[in-house]
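Undergrad: Can you read through this structure? Questions will come right after.
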Amino acid sequence: MDTLKMDAPPMGDPEIAALPMDARFRALHRQPRPLVLTNAWDAGSARLVASQGAAAIATTSAGVAWSLGYRDGDLLPLDEHVACVRRIRRVIDVPLSVDIESGYSDDPAAVGAAVARFVDAGAVGINLQDGSAPPALLCRKIAAARAAALGAGVDLYINIRCDVFARQLAPAGARVGETLQRARLYREAGADGLFPLAVTDPAEIAALAAGTDLLLNVIAWPGLPPVAQLAALGVRRVSTGSWLPQAMWAHAARLAREFGTHGGSQALVDEAEAYGTVNALLPAPDQAGL
């Protein structure tokens, strides 16, 4: 098994690394290569991803919910989510973006208040999604989120997950147009990035990138082109979403099943990282707030 790298520096331009967290996160979206985000779900996974040289950390709302014993889908109590973000922020020294789903409320004022709490916990970016709700509602949430962040002195990067493709909210041939129409509204409301979940076709990706001023984010998905091709198509950010915790869940389930059935421990030993390596990856109490 590969040995975990300890305290690896963020990859990329040292001048970017010297910027304040919010400015750094924005600058990472403007490099020749798209920003690649391996999504984390708790402090341990965030520290692990950062140790591999990640320039920034983003969370997966599904992974966070599962790790805390809840189903995904706006069901995670806000207090628990904010506490999780604080734990992640304590163990990393790179920018942190948080997936807050639909903001946990249809009241824009409540969404703004929630965003203020996430910013206070250390987030410099958020993902906010429209789902099947009217775009006008999300626009009001975006405006509230922007105002809350500015009030806290943070230039928050607001990435909008648009579900036109994922939920098939328009006919196949009209999804690019519908997404771009929403993108114009979201941009006017104060968004920075566009994240059309489940888009994989190169021609559609190129049309989306060319058709909006919002920076395009795509997610790992069956059939998604490689990063080099995505860069040529105009993509500025690529993320893993919940695929990593799903993969780890499948792996752990197989090992647990084999151990429960046969009682043998060899597979556990053979496939495990060394205890000391894992334990040393986490900061000591006097290293809090890296």
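The values are calculated or read from the model by the stated rules, or taken from the named source; none is laboratory data. Please read these numbers as outputs of a predicted model, since none were measured by experiment. Heads up, the Cβs are rebuilt from the backbone with ideal geometry, glycines too, and the neighbour counts pull from every protein chain shown. The area values use the complete protein model at the heavy-atom level, side chains included, leaving out ligands, DNA and RNA. Shrake-Rupley method; radii C 1.70, N 1.55, O 1.52, S 1.80 Å.
Undergrad: Can you confirm whether segment 155-163 contains a residue that is among the aromatic types (F, W, Y), open to solvent by less than 10 Å² (accessible area, probe 1.4 Å) and touching a strand residue (DSSP E or B) at 6+ places or on another chain (Cβ under 8 Å)?
TA: Yes.
Undergrad: Is it true that L216 is under 28 Å from E80 (Cα atoms) and open to solvent by less than 20 Å² (accessible area, probe 1.4 Å)? First the steps, then the outcome.
TA: Details: under 28 Å from E80 (Cα atoms): no; open to solvent by less than 20 Å² (accessible area, probe 1.4 Å): yes.
Answer is no for this residue.
Undergrad: Which residue pairs have Cβ atoms closer than 8 Å, lie 6 or more positions apart in sequence or on different chains, and pair a first residue in segment 104-129 that is closer than 21 Å to S239 by Cα with a second residue that is part of a strand (DSSP E or B) and acidic (D, E)?
TA: From residues that are closer than 21 Å to S239 by Cα, the pairs are I126/D99; N127/D99.
Undergrad: What number of residues within segment 167-184 satisfy the criterion of being surrounded by fewer than 17 Cβ atoms within 10 Å (Cβ to Cβ) and under 23 Å from the mean Cα position of the chain (by Cα)?
TA: 3
Undergrad: Of everything in segment 236-274, what is closer than 30 Å to H29 by Cβ, part of a helix (DSSP H, G or I) and of a type in the set (G, A, S)? Give them in sequence order.
TA: Within segment 236-274, just A247 meets the criteria.
Undergrad: What are the pairs, 6+ residues apart or on separate chains, where a residue within segment 234-259 that is within 30 Å of D213 (Cβ to Cβ) has its Cβ under 7 Å from a residue that is at pLDDT 95 or above and open to solvent by 30 Å² or more (accessible area, probe 1.4 Å)?
TA: Once the first residue is within 30 Å of D213 (Cβ to Cβ) and sits in segment 234-259, its partners that are at pLDDT 95 or above and open to solvent by 30 Å² or more (accessible area, probe 1.4 Å) give G234/A206; G234/A210; V238/V36; V238/V227; T240/T38; T240/A220; G241/A220; W243/A220.
Undergrad: A further question on this structure: One residue is enough: does segment 62-79 have a residue meeting the conditions free of Cβ contacts under 8 Å to residues at least 12 places away in the same chain, of a type outside the set (S, T, N, Q), farther than 16 Å from R237 by Cα and open to solvent by less than 40 Å² (accessible area, probe 1.4 Å)?
TA: Taking segment 62-79 first, the residues free of Cβ contacts under 8 Å to residues at least 12 places away in the same chain are 65, 69-71, 75, 77, 79.
Next, from what is left, pick out any that are of a type outside the set (S, T, N, Q): 65, 69-71, 75, 77, 79.
Restricting the remaining residues to those that are farther than 16 Å from R237 by Cα gives 65, 69-71, 75, 77, 79.
Next cut, open to solvent by less than 40 Å² (accessible area, probe 1.4 Å) only: 65.
Yes, there is a match, as at least one residue in segment 62-79 is free of Cβ contacts under 8 Å to residues at least 12 places away in the same chain, of a type outside the set (S, T, N, Q), farther than 16 Å from R237 by Cα and open to solvent by less than 40 Å² (accessible area, probe 1.4 Å).
Undergrad: Looking only at segment 110-139, filter to residues that are among the charged types (D, E, K, R) and under 18 Å from D74 (Cα atoms); which one of those is least open to solvent (accessible area, probe 1.4 Å)? Steps first, please.
TA: Filtering segment 110-139 down to residues among the charged types (D, E, K, R) leaves 117, 120, 130.
This time we only want the ones that are under 18 Å from D74 (Cα atoms), so: 117, 130.
Values: R117: 92, D130: 10 Å².
Here the answer is D130.
Undergrad: Name the one entry in G44, G69, G63, G12 that is at pLDDT below 95 and over 25 Å from A152 (Cβ atoms).
TA: Details: G44 fails: at pLDDT below 95; G69 fails: at pLDDT below 95; G63 fails: at pLDDT below 95.
Step by step, each of G44, G69, G63, G12 is checked, and only G12 is at pLDDT below 95 and over 25 Å from A152 (Cβ atoms).
Conditions tested, residue by residue: (1) of a type outside the set (V, I, T); (2) within 15 Å of A46 (Cα to Cα); (3) in contact with a strand residue (DSSP E or B) (Cβ under 9 Å, 6 or more places away or on another chain).
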{"site": "V91", "(1), (2), (3)": "no, yes, no"}
{"site": "P95", "(1), (2), (3)": "yes, yes, yes"}
{"site": "V98", "(1), (2), (3)": "no, yes, yes"}
{"site": "E101", "(1), (2), (3)": "yes, no, yes"}
{"site": "Y104", "(1), (2), (3)": "yes, no, no"}
{"site": "G112", "(1), (2), (3)": "yes, no, no"}
{"site": "L138", "(1), (2), (3)": "yes, no, yes"}
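Undergrad: So, T240, is that one of a type in the set (V, I, T) and under 19 Å from V98 (Cβ atoms) or not? Steps first, answer last, please.
TA: Details: of a type in the set (V, I, T): yes; under 19 Å from V98 (Cβ atoms): yes.
Spelling it out, T240 is indeed of a type in the set (V, I, T) and under 19 Å from V98 (Cβ atoms).
Conditions tested, residue by residue: (1) more than 30 Å from R33 (Cβ to Cβ); (2) in contact (Cβ under 8 Å) with a residue 60 or more places away in the chain.
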{"position": "A46", "(1), (2)": "no, no"}
{"position": "Q52", "(1), (2)": "no, no"}
{"position": "A58", "(1), (2)": "no, yes"}
{"position": "V82", "(1), (2)": "yes, no"}
{"position": "I88", "(1), (2)": "no, no"}
{"position": "V94", "(1), (2)": "no, yes"}
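Undergrad: Now for a separate question. Could you tell me whether segment 97-104 includes any residue that is of a type in the set (A, V, I, L, M, F, W, C) and either over 24 Å from L37 (Cβ atoms) or surrounded by fewer than 21 Cβ atoms within 10 Å (Cβ to Cβ) (or both)? Please lay out each step first, then the result.
TA: Residues of segment 97-104 that are of a type in the set (A, V, I, L, M, F, W, C), as a first pass: 98, 100.
Pick out the ones that are also either over 24 Å from L37 (Cβ atoms) or surrounded by fewer than 21 Cβ atoms within 10 Å (Cβ to Cβ) (or both) and you get none.
No, because not a single residue in segment 97-104 is of a type in the set (A, V, I, L, M, F, W, C) and either over 24 Å from L37 (Cβ atoms) or surrounded by fewer than 21 Cβ atoms within 10 Å (Cβ to Cβ) (or both).
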